[in-house]
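All remarks here apply to the structure that follows.
The values are calculated or read from the model by the stated rules, or taken from the named source; none is laboratory data. Everything numeric here is computed off the predicted structure, so don't read it as measured data. With ideal geometry, Cβ positions are generated from the backbone for all residues, glycine too; neighbour counts draw on all protein chains shown.
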Amino acid sequence: MSTALPKHIHSTGDLPKVAWAKGSYVYDADGKQYIDGSGGPAVYCIGHSNAEVNAAIKNQLAAYLEKLQAPIELVASLAARVAARQMRELPFYNAFFLDHDDGAVYFNVMASGVPYLMGTERLKGSHSMSGYHSFELCYLAQVYTNLLITKQPLTLYFKPLPGGFKDNILRVSPDILPANSITISEVWIDDEPYSNFDAQGLTVKLPESKERLRVRVTVQPTK
């Protein structure tokens, strides 16, 4: 089918501009009437602005909005609480999850504050990192410094999902450390002392529970 415009029309700007429609007709801004030959089956069957259809749509929307009102109020209340919490935690977010230009990735800086713009550690770009990477480095520094250098105990916190581990065995080794370099010294579950653990194997046998348990484990160097 040819898509060429009629000779007396030089551009689409010369075509009529539809302002409104009723039944099988459309009307331009000057009120001239045209038969709608391209509106599709809905126009052929019921036409534009069908009063019965409009009334049915209005009634259906009213019923839907009435049922939706309570969830909307709940969502609004939740949004207010979330906003208040975000304001309290904004400094923490700005410190570790900056998201201005690089999608939560920021440049490391030297002691002078000048961005360190070079780095190819394992092709990862060691000059830039995200909040997660920053946390990981802090965590590993704590693990290795306390357990292998200064020989101090380290306390770890867990909140496992019910049934989240096979046979309810929670493995608490903080990282890949030299064999037999640390043991478990104490365990608490929901702030109560707990004794069902393997000190050398670095595992805790969790009790059966339908709720998430708060597990606190202290590991210490063996030497």
Selection count where residues are among the acidic types (Asp, Glu) and in a loop (DSSP other than H, G, I, E, B), scope region 195-218: 2
Region 148-163, subset surrounded by 10 or more Cβ atoms within 10 Å (Cβ to Cβ) and more than 14 Å from Val187 (Cα to Cα), residue farthest from the chain's Cα centre (by Cα): Lys151
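Could you tell me which residue of region 167-194 is farthest from Thr150 (Cα to Cα), considering only residues that are in a strand (DSSP E or B) and not β-branched (Val, Ile, Thr)?
Of all residues in region 167-194, those in a strand (DSSP E or B) come to 169-171, 182-189, 192-193.
Then keep just the ones that are not β-branched (Val, Ile, Thr); that gives 170-171, 185-186, 188, 192-193.
Working: Leu170: 26, Arg171: 24, Ser185: 17, Glu186: 19, Trp188: 24, Glu192: 28, Pro193: 26 Å.
The residue in question is Glu192.
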Among (1) surrounded by fewer than 10 Cβ atoms within 10 Å (Cβ to Cβ); (2) at pLDDT 80 or above - the single one His8 does not satisfy: (2)
Test result for Ala141, loosely packed, with under 15 Cβ neighbours inside 10 Å, modelled with pLDDT under 90, of a type in the set (Gly, Ala, Ser) and part of a helix (DSSP H, G or I): yes
Pick from region 164-174, criterion out of contact with any Pro (no Cβ under 7 Å at 6 or more places or on another chain) and surrounded by 10 or more Cβ atoms within 10 Å (Cβ to Cβ), ranking: nearest to Ala141 (Cα to Cα): Pro174
